[in-house]
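The block underneath contains the structure these notes are about, expressed in structure tokens.
Please treat every number below as a calculation from the coordinates, not as lab data. What you are looking at is a predicted structure, and each value in this text was computed from that prediction instead of being measured. Cβ: placed from backbone, ideal geometry, glycine included. Neighbour counts: every protein chain shown.
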Amino acid sequence: MESHSAMLQRLRTSFQSGVTVPEKFRRAQLNQLLSLLQENEQRILEALHKDLAKPKFEAVLSEMDIVINEVHFALSNLRSWMQDEHVTKTLATKVDECYVRREPLGVVLIIGPWNYPIHLLLLPLVGAIAAGNCVVIKPSEVSSAVEAVIAELVPKYLSQDCFAVVCGGAEDTQALLKNKFDHILYTGSQSVARCILQAAAPHLTPVTLELGGKCPCFIHHRVDPLAAARRLAWAKYFNVGQSCVAPDYVLCTEETRDALVTALKQVLFEFYGEEPQKCPDMARIISAKHWTRLMGLLGKSKGKVVLGGESDEADKYIAPTVLVDVSEDDALMQEEIFGPLLPFITVSSVDEAIAFMNRQEKPLALYVFSDDSSIVNTVLEKTSSGAFCSNDGIIHMTLPGLPFGGVGASGFGSYHGRWGFETFSHKRAVVLRGWALERINGLRYPPFTDNKLSWLRWTASPKSCSIM
């Protein structure tokens with residue numbers, strides 16, 4: 001088996017040859033990635049079902065099509081992204097050519113998670129390919145069926161001189177991180193992110209972190225309870241709550257809460273029937289370890305279960321569950337839930353809800369449900385989050401025109417669309433200067449005089465060029 005160092009040397013040699021730089025190569029590899037997804041859809045869907053019991057509907061939307069759409073978006077915009085960006089000049093640089101050139105970084109590493117093991121591994125790969133890099137991808141060993149499919153298919157479709165897959169557990173990842181990369185993009189937990197940063201520090205490697213967090217959903221009383229319940233339940237229980245942008249908890253008044261609980265009871269029956277465990281549209285918890293963690297949180301919570309609560313360890317099943325009377329110091333509020341448990345916390349006003357959200361770490365996404373646009377705008381202006389969405393959940397991350405990323409504890413850096421291209425590019429400042437205007441250059445040479453300084457300050461000012 002090839003060692004990590006040998007693999008990286010192979011990729012770095014390819015990068016240094018310049019093979020990844022031409023637009024033609026980037027397009028060819030993006031089209032190959034498209035073929036990988038389209039020609040192997042059934043195999044990938046089967047692997048996703050084996051790992052997470054993902055329904056085909058959810059898997060196609062959130063794993064397959066979102067990456068396919070990203071590839072098409074990149075192919076449509078690649079030429080314009082690669083164009084040099086000319087900048088404003090001063091009189092001193094008026095005859096020079098001044099621009100920003102996007103250059104590939106080199107050999108980059110993408111570490112994916114298990115909850116969306118295709119989407120969150122291959123979507124950032126699109127940006128890395130578009131930017132002209134060689135790439136190592138590390139799928140999660142927890143979603144082992146998908147890991148095996150990725151390890152088999154990527155070398156068949158993408159250039160083996162420029163792209164590689166590394167499999168294995170935590171020890172393998174730690175060994176891989178001892179090597180120098182030109183950028184690392186990691187999606188996962190805060191605890192592992194700290195290890196990523198420590199490993200990157202000796203090499204001064206830039207890092208993009210996508211970390212999730214406790215995404216709040218404030219529901220204002222001026223809203224249709226049934227419509228709100230449908231959108232809330234879809235966003236929360238999609239992939240059985242194992243989404244970094246799933247609503248983690250709900251803030252609302254007691255009156256709104258009671259109306260929503262009644263509506264959620266109806267909606268959950270509409271979605272999953274009388275026995276959700278038998279419903280083919282309900283995914284499963286990824287592993288016994290994660291099932292035990294979630295049941296531990298539920299057992300420690302002092303909230304009252306008003307919907308759901310049923311579970312089956314052998315089946316890694318937990319029913320869509322709603323709890324009320326949950327306090328800020330409850331066990332469910334101490335960490336990201338990442339499962340089908342939805343706590344309701346009562347607040348008496350918009351200001352109280354905003355104060356509550358601002359006491360927490362900044363989340364990856366923040367949701368507000370309200371018919372009143374002034375309420376939505378107030379929350380938008382007085383809070384901070386990686387993304388903001390009103391009257392729905394998750395939907396923002398389907399748009400390649402919007403950056404996807406966190407802030408503070410929910411991560412830093414972003415990707416999707418051009419933002420991914422930019423993340424994996426170096427913005428190189430370029431000035432191409434000839435030999436003209438040497439008399440103007442003479443203003444900067446010794447001997448220095450106040451008159452020279454005065455003229456030089458004027459020629460270097462942005463205002464000087466506008467005057468001409």
Q: In nm, give the distance between the simple-model label positions of residue 352 and residue 458, each being 7 Å from the Cα along the Cα-to-Cβ direction.
A: 6.5
(Q) For the stretch 321-447, place one equal point scatterer on every Cα, skip the solvent, and apply the Debye formula. What is log10 of I(q)/I(0) at q = 0.13, 0.19, 0.23 Å⁻¹? (A) -0.69, -1.22, -1.50
**Q.** Among 340, 291, 395 - extreme Cα towards positive end, dipole of the chain, charges at beta-carbon
**A.** 395
Q: Beyond 20 Å between alpha-carbons counts as too far, so tell me which of 54/302; 362/382; 138/362; 138/427; 214/236; 138/180 fall in that bin.
A: 54/302; 138/362; 138/427
(Q) Test of understanding: ordering 432, 121, 75 by Cβ neighbours within 10 Å, fewest first, what list do you get? (A) 432, 75, 121
Q) Between Rg and the Kirkwood Rh of the stretch 42-125, both from Cα atoms, what is the Rg to Rh ratio? A) 1.25
Q) For the chain, with only Lys/Arg (+1) and Asp/Glu (-1) charged at the beta-carbon, what is the dipole magnitude about the Cα centre, in debye rounded to 20? A) 2180
Q: Counting only DSSP beta bridges with both residues in the chain, tell me the antiparallel percent, nearest 5.
A: 35
**Q.** Residues 278, 452, sorted so that the one with the fewest Cβ neighbours within 10 Å comes first
**A.** 278, 452
**Q.** Matching label, Cα Rg over 2.2 N^0.38 Å computed from the structure shown, candidates [x] 1.06; [y] 1.31; [z] 1.13
**A.** [z]
Q) Mind checking the log10 I(q)/I(0) for the stretch 163-222 at q = 0.15 Å⁻¹? Debye, one equal scatterer per Cα, no solvent, two decimals. A) -0.52
Q: Mind jotting down the distance between the C-alpha centroids of the stretch 366-391 and the stretch 428-451, whole Å?
A: 51
Q: Rank by packing, highest mean first: peptides 335-346, 292-303, 62-73, with packing defined as the count of other Cβ atoms within 10 Å averaged across residues.
A: 335-346, 62-73, 292-303
Q.
Among 102-115, 235-248, how do they line up by average Cβ neighbours within 10 Å per residue, starting with the highest?
A. 235-248, 102-115
**Q.** Centre separation in Å (Cα based) which lies between the stretch 1-32 and the stretch 73-120
**A.** 18
(Q) Largest first, please: the extent of the C-alpha atoms of the stretch 119-206 along each principal axis, to the nearest Å. (A) 33, 29, 20
**Q.** Semi-axes of the equivalent ellipsoid for the stretch 197-352, Cα gyration tensor, largest first, Å
**A.** 27, 21, 15
**Q.** Packing-based order for 421-427, 445-451, 137-143, using average beta carbon neighbours within 10 Å, highest first
**A.** 137-143, 421-427, 445-451
Q. How big, in percent, is the set of alpha carbon pairs in the stretch 206-294 lying more than 14 Å apart?
A. 70
Q | Among 28, 449, 369 the positive-end extreme of the charge dipole of the chain (Cβ point charges) | A | 449
Q.
Suppose we look only past 17 Å in the calculated P(r) of the stretch 317-377. What percent of the Cα-Cα pairs does that tail hold?
A. 50
Q | Cα long-axis angle, helix 66-82 against the chain (0 to 90 degrees, to the nearest 10) | A | 10
Q: Can you spot the aspartates and glutamates whose alpha carbon is less than 15 Å from residue 289's alpha carbon? Ignore those fewer than 8 places along the same chain.
A: 51, 141, 312, 313, 315
Q: Restricting things to alpha carbons, find the Rg to Rh ratio for the stretch 2-43 using the Kirkwood radius for Rh.
A: 1.14
Q) If one takes the longest principal axis of the Cα atoms in the chain, at what angle in degrees, from 0 to 90 and to the nearest 10, does the Cα axis of helix 450-460 lie? A) 50
